[in-house]
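Novice: Okay, here's the structure, questions in a sec.
The values are calculated or read from the model by the stated rules, or taken from the named source; none is laboratory data. None of the values given here were measured: they were computed from a predicted structure. Please note: Cβ atoms are built from the backbone with ideal geometry, for glycine as well, and neighbour counts cover all protein chains shown.
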């Protein structure tokens, strides 16, 4: 199996928004777990994701965290997990200034209340279109609608491009399944 060694790091740019694609155990090449990573002006990184919750009676919920890595020389050096396929730097992201929203308001507006209703099992959520994938695209759609992402095309177009590129990365990784470490690429999109 191909793994990412602990010494592999990826430098993330300041004031940027990334989509991270991670593999999940599945026979389907298009099944990924999606995570949003935002970096601020000080090179601090925050991850935002819709994840399965163990033992809380809820199948999934939003969590905010700090991705594995360190800030070095003004850049965040992400240490990707072995399941990380690729990172997509979303072109046209305009980070909020304190004049727009403070960080807590920004997170509350875009990340916390994406789905008005969730269900008690992962399968029920999936049956109703509630997944980490739909969560990411709804968040990015709301950001675009509010002017925090300025780009041509729709978020659906972006979703197709990210999914297609992730499938290609997954195929390449499976073809090279030699046990050696691979660094996931950063793709400007």
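Novice: Can you tell me which condition residue 36 does not meet? The list is (1) in a strand (DSSP E or B); (2) over 25 Å from residue 159 (Cα atoms); (3) at pLDDT 80 or above, and all the others hold.
Specialist: (2)
Novice: Return the residues of the stretch 123-150 that are surrounded by 14 or more Cβ atoms within 10 Å (Cβ to Cβ) and more than 18 Å from residue 110 (Cα to Cα); say none if nothing qualifies.
Specialist: Hits for the stretch 123-150 are 125, 126.
Novice: Let me ask something additional. Out of the residues in the stretch 102-132 that are in contact with a helix residue (DSSP H, G or I) (Cβ under 8 Å, 6 or more places away or on another chain) and not in a loop (DSSP other than H, G, I, E, B), which is nearest to residue 54 (Cα to Cα)?
Specialist: 111
Novice: Of 99, 41, which residue is loosely packed, with under 13 Cβ neighbours inside 10 Å, in a loop (DSSP other than H, G, I, E, B) and at pLDDT 75 or above?
Specialist: Of 99, 41, the one residue that is loosely packed, with under 13 Cβ neighbours inside 10 Å, in a loop (DSSP other than H, G, I, E, B) and at pLDDT 75 or above is 41.
Novice: Looking for whichever is over 30 Å from residue 174 (Cβ atoms), modelled with pLDDT under 80 and either surrounded by 13 or more Cβ atoms within 10 Å (Cβ to Cβ) or out of contact with any strand residue (DSSP E or B) (no Cβ under 7 Å at 6 or more places or on another chain) (or both) here; the options are 120, 26, 81. Which one fits?
Specialist: Of 120, 26, 81, the one residue that is over 30 Å from residue 174 (Cβ atoms), modelled with pLDDT under 80 and either surrounded by 13 or more Cβ atoms within 10 Å (Cβ to Cβ) or out of contact with any strand residue (DSSP E or B) (no Cβ under 7 Å at 6 or more places or on another chain) (or both) is 120.
Novice: Filter the stretch 84-93 down to the residues that are touching a helix residue (DSSP H, G or I) at 6+ places or on another chain (Cβ under 9 Å) and not in a strand (DSSP E or B), then identify the one that is surrounded by the fewest Cβ atoms within 10 Å (Cβ to Cβ).
Specialist: Per the stated criteria, the residue is 92.
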